[in-house]
Amino acid sequence: MLSSKPVLNQSGSPEFVFRVFTNVPEFQALLFTLFLLLYLMILCGNTAIIWVVCTQSSLRTPMYFFLGSLSLLEIWYTTDVVPLMLSNIFGAQKPISLAGCGTQMFFFVTLGSTDCFLLAVMAYDRYVAICHPLHYSLIMTRNLCVQMVLGSLGLALFLSLQLTALIFTLPFCGHHREINHFLCDVPPVLRLACADIRVHQAVLYVVGILVLTVPFLLICISYVFIASTILSMRSAEGRQRAFSTCSSHLTVVLLQYGCCSLVYLRPRSSTSEDEDRQIALVYTFVTPLLNPLIYTLRNKDVKGALRNSIFHKTF
């Protein structure tokens, strides 16, 4: 008998398809337009941050080096997901190979983990800048900044490689290969396995603790010291400047870690696939879009540098 879904022979080359958001053509067109606009805004906003950090000598400091690195990560992160998502939004259910799914998962986990580690590095940078301003230039050297970014990427690559390789050694049942998601994320792919996945879920939980819980605790510790130092400042202007810089970072941290924790650290029994997909939309679109907006709208240095760059480019 013929099936309306792409049911693939277990003996053939394994493939997956993504579940569509809706079968209503009008809603499909609306979602495609919305997601495409958000993606273009993410590209433009983060590219502007990278451009201004690279071209303005006043922003060649560790803080803006990390901000530029974060923006570059956000571009790669969304580009790993959104183009494929847009190509499947009209309900064609184009299949993705096992290797293609594994590749997308590997880069998604790598870039997402690096993002989390980098946010912790940025918190440490703020801690040194506010709590030890006289020693800031001695501690946060260019070499150390590069090493911390590369270290974040290296650790993320290692964890992602181990997790992805472990997951794709599992057998996948032929009639369960429709992924209830818009990307090859770890939880929905694990649900398709026709084998005991308790060990794999335990490994995912450990990786989630290393990527989410540990960096978040380090960020919290940093901000305890930062808050103590800010409250002891005599200058109201200094307090305002420090608070503005830190609140921008904290907003991104809470959104990123909060949403990711709901997907990766909650017990499987208390989550649904639809909830995971909705939450994933937040850290796929909202967080990468908010990064440039938050850091530019709340940061006088970046706003001034952007104005100067546009002015000199125009005149």
(request) State all residues of segment 206-230 that are surrounded by fewer than 17 Cβ atoms within 10 Å (Cβ to Cβ) and among the aromatic types (F, W, Y); if no residue qualifies, say none. (result) F225
(request) Can you tell me which residue within segment 115-168, out of those that are surrounded by 13 or more Cβ atoms within 10 Å (Cβ to Cβ) and charged (D, E, K, R), is nearest to the chain's Cα centre (by Cα)? (result) D115
(request) Quick one: in segment 79-98, of everything that is under 22 Å from the mean Cα position of the chain (by Cα) and loosely packed, with under 15 Cβ neighbours inside 10 Å, which residue is farthest from V17 (Cα to Cα)? (result) P83
(request) Output the residue which, of all residues in segment 157-183 that are hydroxyl-bearing (S, T, Y) and touching a helix residue (DSSP H, G or I) at 6+ places or on another chain (Cβ under 7 Å), is nearest to D274 (Cα to Cα). (result) T164
(message) Filter segment 270-284 down to the residues that are over 12 Å from C260 (Cα atoms) and either assigned to a loop (DSSP other than H, G, I, E, B) or at pLDDT 85 or above (or both) and list them by number.
(response) T271, S272
(message) Consider segment 158-172. How many of its residues are in contact (Cβ under 8 Å) with a residue 60 or more places away in the chain and in a helix (DSSP H, G or I)?
(response) 2
(message) If I75 satisfies all but one of (1) surrounded by fewer than 17 Cβ atoms within 10 Å (Cβ to Cβ); (2) closer than 30 Å to S137 by Cβ, what's the number of the condition it fails?
(response) (1)
(request) Might you check whether a residue that is surrounded by fewer than 18 Cβ atoms within 10 Å (Cβ to Cβ), closer than 30 Å to V81 by Cα and out of contact with any helix residue (DSSP H, G or I) (no Cβ under 9 Å at 6 or more places or on another chain) occurs anywhere in segment 184-195? (result) yes
(request) Test A123 against the criterion of being modelled with pLDDT under 95 and within 28 Å of R241 (Cβ to Cβ), and give yes or no. (result) yes
(request) Could you please find all residues in segment 50-91 being modelled with pLDDT under 90, among the β-branched types (V, I, T) and assigned to a helix (DSSP H, G or I)? (result) V52, V53, T55
(request) Filter segment 21-53 for residues that are β-branched (V, I, T) and within 23 Å of Y77 (Cβ to Cβ) and give the result. (result) T33, I42, T47, I49, I50, V52, V53
(request) For segment 26-55, name all the residues that are of a type outside the set (A, V, I, L, M) and in contact (Cβ under 8 Å) with a residue 24 or more places away in the chain. (result) Q28, F32, F35, Y39, G45, N46, T47, W51, T55
(request) Can you confirm whether segment 196-213 contains a residue that is out of contact with any His (no Cβ under 6 Å at 6 or more places or on another chain) and part of a loop (DSSP other than H, G, I, E, B)? (result) yes
(message) Here is a list: Q240, Q256. Which entry is surrounded by fewer than 17 Cβ atoms within 10 Å (Cβ to Cβ) and not hydrophobic (A, V, I, L, M, F, W, C)?
(response) Q240
(request) Give me the pairs, please: first residue somewhere in segment 104-115 and touching a residue at least 12 places away in the same chain (Cβ under 8 Å), second residue anywhere and acidic (D, E), beta-carbon distance under 6 Å, and either six or more positions apart or on two chains. (result) F107/D80; F108/D80
(request) Go through (1) assigned to a helix (DSSP H, G or I); (2) within 30 Å of R19 (Cα to Cα); (3) modelled with pLDDT of 75 or more and name the single condition R266 misses. (result) (1)
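The values are calculated or read from the model by the stated rules, or taken from the named source; none is laboratory data. Keep in mind it's a predicted model, so treat the numbers as computed, not measured. Cβ: placed from backbone, ideal geometry, glycine included. Neighbour counts: every protein chain shown.
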